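Below is one structure, written out as structure tokens; comments come after it.
The values are calculated or read from the model by the stated rules, or taken from the named source; none is laboratory data. What you are looking at is a predicted structure, and each value in this text was computed from that prediction instead of being measured. Methodologically, a virtual Cβ is constructed for each residue, glycine included, from the backbone with ideal geometry; neighbour enumeration extends over all protein chains shown. Heads up: the accessible areas ignore ligands, DNA and RNA and are worked out on the full protein's heavy atoms, side chains in. Shrake-Rupley method; radii C 1.70, N 1.55, O 1.52, S 1.80 Å.
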Amino acid sequence: MEVIAWGTRGSLPVANPGMVQTGGNTTCFEVRSICLPPGVHVVIDGGTGFLPFANEALRLGMTELHLFHTHYHHDHTQGVLIAPPIFMQQMAMHIYGTKDRSYGPKQVYERIMEPPFHPVSFGAISQHISFHQIEIPPTRVILIHPEGGQVILEKERFVHSDEHKRPVSFGQGRTFPIDECLVVQMHWTEHPERTITYRFEERPTGRVFVLLTDEEVRAGIPVSLIEFISGTHLLIQDVQYSQEEYEKGGKAGFGHGTPEYAVRLARATGVNRIGFTHHDPLSADGRVGALVTEGQALLQPDETLALFSCRDYDRYEV
Ligand SMILES: [Zn+2]
Ligand SMILES: [Zn+2]
């Protein structure tokens, strides 16, 4: 499994000579997996990094796109509004997200693509899009199989089938083993908006990736989140602020993380590789790098936790 960081900036896209190493595109991470059928691409969030993602995916022959939304803040949707896939009637496009207030993914796009906020009315171009509104994300599991395509299961049914090694129905009489699938599980994050963290398990290789963005520092980490993250080979986590900014700079309650929280989460879950993301739009490269140094300074000599800054266009083998 490979993860490509197409956008690692938080809150607002930026272009600044002091930020070229990190990049300025807002949140967009692609997941590439041997479990994806030919022509199928998977991406988490549609910040401005979605535009370079889409251009590259189209160059590679993308015919089907699965877009998983953590939530609907502008820095996670804006790239979708101007990139080609949403206008391409021949593109099989799936958009996943939860319901916040009265907005599921379909209502969100209807609203943000409504004139005068957008030049083209969403109703006129949206026939090729399937919306998957996940009301309570921890109760559902999404499977993608290289021949079967995609299916959404109730968590209980998934767990039962997984325990008993029963194949799962992908419709039209076709069944496939879970162990051949990319398994996508979901957990709430603390933003405070209703926000999802996604866990991708590539079953044939056993490799696991989690994106935990727009997650506020938690004083106590819930057992369910520890279980959700445990066994992850690569965790990419929101570390927008230093401890000082968080404690004394008035950033507490903004829905973002710190190096201290990342290290504490790693210790609780046993994760040993964390990439920091959702970089502050005012943070130049030096300040982004200083957050990694701050996290490393918290480690004991015998701890083997690898911390690094995610940068636009970097690729990570999971
Ligand atoms: Zn954000
Ligand atoms: Zn947000």
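For the reader, a short list of remarks on this structure follows.
- Reachable lysines, given that their alpha-carbon falls under 30 Å from the alpha-carbon of LYS165 and they are not under 8 places away in the same chain: LYS155
- Accessible solvent surface per residue of the range 27-153, calculated while the other protein chains remain in place, 1.4 angstrom probe, Å²: 38 Å²
- Toward the positive end of the charge dipole of the range 2-317, with +1 on the Cβ of Lys and Arg and -1 on the Cβ of Asp and Glu, the farthest Cα among CYS35, THR269, PRO17 is that of CYS35.
- Highest to lowest packing among 288-294, 123-129, 79-85, scored as the average C-beta count within 10 Å: 79-85, 288-294, 123-129
- Relative contact order, percent, the range 2-317 [alpha-carbon distance under 8 Å, six or more residues apart]: 18 percent
- Accessible area of the range 48-198 belonging to carbon and sulfur atoms, whole % at 1.4 Å probe: 52 percent
- The accessible-area ordering, largest first, of the residues HIS69, HIS160 stands as HIS160, HIS69, per a 1.4 angstrom probe.
- By accessible area with a 1.4 Å probe, ligands and nucleic acids excluded, highest first: order of ARG111, ARG199: ARG111, ARG199
- Theoretical gain in end-to-end length, GLN89 to HIS128 [0.36 nm per residue, Cα-Cα removed]: 13.5 nm
- Ordering 136-149, 223-236 by mean Cβ neighbour count within 10 Å, with the highest value first, yields 136-149, 223-236.
- Calculated P(r) of the chain - Cα pairs past 38 Å, %: 11 percent
- Annotation: aspartates and glutamates with alpha-carbon distance below 16 angstrom to LYS106 (same-chain offsets under eight excluded): ASP45, GLU114, GLU135.
- Area accessible to solvent at LYS165, 1.4 Å probe radius, in Å²: 140 Å²
- Accessible surface of ARG315 - all protein chains present, 1.4 Å probe, nearest 10 Å²: 120 Å²
- Accessible-area rank, largest first, for ILE34, ILE4: ILE34, ILE4, with all protein chains present and a 1.4 angstrom probe.
- Normalising the average separation of contacting C-alpha pairs (under 8 angstrom, six or more residues apart) by the number of residues puts the relative contact order of the range 206-302 at 33 percent.
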